[in-house]
1. Got a sec? Which of Leu141, Leu153, Leu89 is without any contact (Cβ under 8 Å) to a residue 24 or more places away in the chain, under 18 Å from the mean Cα position of the chain (by Cα) and either outside any helix (DSSP H, G or I) or not assigned by TED's automatic domain parsing to the domain that holds Gln49 (or both)?
2. Which one of these is of a type in the set (Asp, Glu) and more than 18 Å from Tyr160 (Cβ to Cβ): Glu53, Glu36, Glu18?
3. So Ala183 ticks every box in (1) over 24 Å from Lys50 (Cα atoms); (2) not in a loop (DSSP other than H, G, I, E, B) but one. Which box is left unticked?
4. Are there any pairs with C-beta distances below 6 angstrom linking a residue in the range 102-123 that is assigned by TED's automatic domain parsing to the domain that holds Leu72 to a residue that is surrounded by 15 or more Cβ atoms within 10 Å (Cβ to Cβ) and small (Gly, Ala, Ser), with the two at least 6 apart or on different chains, and if so which?
5. When you scan the range 103-117, do you find a residue that is more than 16 Å from Leu61 (Cα to Cα), in a helix (DSSP H, G or I) and not polar (S, T, N, Q), even just one?
6. Scan the range 124-149 for residues that are of a type in the set (Gly, Ala, Ser), loosely packed, with under 15 Cβ neighbours inside 10 Å and either touching a Pro at 6+ places or on another chain (Cβ under 8 Å) or over 22 Å from Gly106 (Cβ atoms) (or both) and jot them down.
7. Count, please, the residues in the range 1-36 that happen to be closer than 24 Å to Ser66 by Cα and either at pLDDT 90 or above or charged (D, E, K, R) (or both).
8. Report those helices (runs of 4 or more DSSP H) wholly inside the range 5-66 carrying at least 3 residues which are surrounded by fewer than 18 Cβ atoms within 10 Å (Cβ to Cβ).
Amino acid sequence: MPRLAPLDLANLTPEQKEVADAIMSGPRGGLRGPFEAWLRSPVLADRAQKLGEFCRFHSSLPKHLSEFAIILTGKHWKAQFEFYAHARLAVEAGLPRETVEAVRTGATPAFRDDAERAVYTFVTEYFATNRVSDATYRQALAVLGGERGVTDLIGVVGYYGLVSMTLNVFDVGLPEGEPLPLA
């Protein structure tokens, strides 16, 4: 059961309306996921949605690798809505369905290349140890575009950690009739 009542979009404060309009007119096209919750704090909502727009749409990472990092993050935090929403986007971006299913079930996926392996190793190692080894760091540098690619990967994982926490704390549910993807 969601912890927050839906916002009445006709009765937003001017600050909320400005941010909501920016989100709805941007590449996302709507207030799904964490955005209604964040609108309770309009400045946070504005800053977070701008960071999210960069991480999702303008990162130096290829789209399928970014979505791979997002579903790994959703899985780690057991964020049902996050995984549900981005599993489809990951497949649309070119990540194999088998890879998405492996993440969903906690299996190690089959990697098509060193970049997929680097994202998986970097993200899962960080979540397991709160660090990455020198070898993992060097591999990510080598195949993800150097320091910019590694920094963008950290940004994607960090931002979607915030998203996952928001979704989990406020118990943002899936569309009616959709099964929970994560055990």
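1. Numbers: Leu141 fails: under 18 Å from the mean Cα position of the chain (by Cα); Leu153 fails: without any contact (Cβ under 8 Å) to a residue 24 or more places away in the chain.
Testing whether each residue is without any contact (Cβ under 8 Å) to a residue 24 or more places away in the chain, under 18 Å from the mean Cα position of the chain (by Cα) and either outside any helix (DSSP H, G or I) or not assigned by TED's automatic domain parsing to the domain that holds Gln49 (or both) leaves just Leu89.
2. Numbers: Glu53 fails: more than 18 Å from Tyr160 (Cβ to Cβ); Glu36 fails: more than 18 Å from Tyr160 (Cβ to Cβ).
From the options Glu53, Glu36, Glu18, the qualifying one is Glu18.
3. Answer for Ala183: the failing condition is (2).
4. From the range 102-123, the pairs are Pro109/Ala102; Ala118/Ala140; Val119/Ala69; Phe122/Ala140; Val123/Ala69.
5. Yes - at least one qualifying residue is present in the range 103-117.
6. Within the range 124-149, the first condition is being of a type in the set (Gly, Ala, Ser), and the residues that meet it are 128, 133, 135, 140, 142, 145-146, 149.
Subset that is loosely packed, with under 15 Cβ neighbours inside 10 Å: 128, 133, 135, 142, 146.
Once the filter is applied, which keeps residues that are of a type in the set (Gly, Ala, Ser), loosely packed, with under 15 Cβ neighbours inside 10 Å and either touching a Pro at 6+ places or on another chain (Cβ under 8 Å) or over 22 Å from Gly106 (Cβ atoms) (or both), the range 124-149 yields Ala135, Ala142, Gly146.
7. Initially, the range 1-36 is screened for residues closer than 24 Å to Ser66 by Cα, giving 22-36.
Adding the requirement that they be either at pLDDT 90 or above or charged (D, E, K, R) (or both) leaves 22-23, 28, 32, 34-36.
Total meeting the criteria: 7.
8. Values: elements: 14-25, 35-38, 42-53.
Answer list for the range 5-66: 14-25, 42-53.
The values are calculated or read from the model by the stated rules, or taken from the named source; none is laboratory data. Every value quoted in this text rests on a predicted model; they were computed, and no experiment measured them. Virtual Cβ from ideal backbone geometry, glycine too; neighbours counted across all protein chains shown.
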